[in-house]
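Trainee: Take this structure, written in structure tokens, and hold onto it; I'll ask about it next.
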Amino acid sequence: EAGVTQSPTHLIKTRGQQVTLRCSPISGHTSVYWYQQALGLGLQFLLWYDEGEERNRGNFPPRFSGRQFPNYSSELNVNALELEDSALYLCASDDRGRRTDTQYFGPGTRLTVL
Amino acid sequence: AQSVAQPEDQVNVAEGNPLTVKCTYSVSGNPYLFWYVQYPNRGLQFLLKYITGDNLVKGSYGFEAEFNKSQTSFHLKKPSALVSDSALYFCAVRAPRGYSTLTFGKGTMLLVSP
């Protein structure tokens, strides 16, 4: 069974640009989560989508947004990129967003903002 | 608000010796607790979780963790460390109600020397 997949693997952008990251959950999973792992800041929760709806949002500015498609895949969009947006962006999925579910992570997208 | 503390940035242990990676948490209600491991330039891999029941939880790769409610701790352990266990370990907690999400500790780097 395929795991969570993310694309692209790496991305280099300049300040002020916009970027879109993509995630495909494990087959049968309806919930998708996005996390940011910046150097020295640990893993920070960004967004949670389930059945196409945004369920929760972390403490990030509105220029971080996303959506979930009918096939449960998801996109994370970041507008007006800033240097501090450089990080590994991780996507995770679980069955239905139940609190007891295990979240399974993809390999991440490494974003570098110059 | 929920939180996780991993008091050690790094743990050093010799191969064959037992290892412990510490984690304490703060959450309202009964917690759901998770351990993940991250190898360089990779996503997170699930190790084990505590939801309810036996306080000693066994997981992947010979790891186990003990839930201690009175001390609000969930330390990760392994009887005999391997060099290949060297990685970054994250403890995470999820509150038992609402649209709660995983809150991660800052991570502990485990270095196992030959």
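Trainee: What residues qualify as long-range amide H neighbours of residue A:47, i.e. H under 5 Å apart, gap of 5 or more or another chain, H built at 1.01 Å from N?
Mentor: Amide H neighbours of residue A:47, under 5 Å, 5+ apart: A:34, A:58.
Trainee: Follow-up question, since we're still on this one. Would you grab the residues whose amide H sits under 5 Å from the one on residue B:8? Only those 5+ places off in sequence or on another chain, please, with H modelled 1.01 Å from N.
Mentor: Amide H neighbours of residue B:8: B:22.
Trainee: Now for a different question. Pop out the ³J(HN,Hα) list for the range A:61-67 in order, Karplus 6.51 cos²θ - 1.76 cosθ + 1.60 with θ = phi - 60°, rounded to Hz; leave Gly and Pro as x.
Mentor: Result, ordered by residue: x, x, 5, 9, 8, x, 7 Hz.
Trainee: Which residues' amide hydrogens lie under 5 Å from the amide hydrogen of residue B:86, considering only partners 5 or more residues apart or on another chain, with H built in the peptide plane?
Mentor: Distant-sequence amide H within range of residue B:86: B:112.
Trainee: Tabulate in residue order the Karplus-calculated ³J(HN,Hα) for the range B:5-10, using 6.51 cos²θ - 1.76 cosθ + 1.60 with θ = phi - 60°, rounded to whole Hz; enter x for Gly and Pro.
Mentor: Here the 3J(HN,Hα) series is 10, 10, x, 10, 6, 9 Hz.
Trainee: Continuing with the same structure: Averaged over A:77-89, how many beta carbons belonging to a partner chain fall within 10 Å of each residue's beta carbon?
Mentor: Across A:77-89, the average partner-chain Cβ count within 10 Å equals 0.
Trainee: Within straight cross-link reach of residue B:77, meaning Cα distance under 13 Å, which aspartates and glutamates are found once same-chain residues fewer than 8 apart are removed?
Mentor: B:64, B:66, B:85
Trainee: In peptide A:39-47, what is the residue-averaged number of other protein chain Cβ atoms found within 10 Å of each Cβ?
Mentor: For this peptide, the per-residue mean of nearby foreign Cβ atoms is 3.
Trainee: Oh, and also: Under 12 Å from the Cβ of residue B:62, count the other residues' Cβ atoms, weight Lys and Arg +1, Asp and Glu -1, and hand me the total.
Mentor: +1
Trainee: Please get the size of the charge dipole for chain B, origin at its Cα centre, with Cβ charges of +1 on Lys and Arg and -1 on Asp and Glu, quoted in debye to the nearest 20.
Mentor: 340 debye
Trainee: Apply the Karplus parameterisation 6.51 cos²θ - 1.76 cosθ + 1.60, with θ equal to phi minus 60°, to every residue of the range A:70-84 and state each ³J(HN,Hα) to the nearest whole Hz, in sequence, with x for glycine and proline.
Mentor: Each residue's phi maps through the Karplus curve to give x, 8, 6, 5, 9, 10, 10, 10, 10, 9, 6, 4, 10, 4, 6 Hz.
Trainee: Summing Lys, Arg as +1 and Asp, Glu as -1, what charge do residues with Cβ under 10 Å from the Cβ of residue B:76 carry, residue B:76 excluded?
Mentor: Net local charge, residue B:76 excluded: +1.
Trainee: Next up: Using 0.36 nm per residue of separation minus the Cα-Cα distance, give me the extension gain between residue A:38 and residue A:53 in nm, one decimal.
Mentor: Extra length available between residue A:38 and residue A:53 comes to 2.8 nm.
Trainee: Counting only other chains, and only Cβ atoms inside 10 Å, what mean value do you get across the residues of B:39-47?
Mentor: 5
Trainee: Let me ask you something else. Please give me the summed charge of the neighbours of residue A:109: other residues whose Cβ is under 14 Å from its Cβ, Lys and Arg +1, Asp and Glu -1.
Mentor: +2
Trainee: For chain A, calculate the relative contact order in percent as a whole number, restricting contacts to Cα pairs under 8 Å that are 6 or more residues apart.
Mentor: 37 percent
All of the numbers you see were taken from the coordinates with simple rules; none came from a lab. Owing to the predicted nature of the structure, the values given are computational and were not obtained by experimental measurement. Cβ atoms come from the backbone with ideal geometry, glycine included; neighbour counts cover every protein chain shown.
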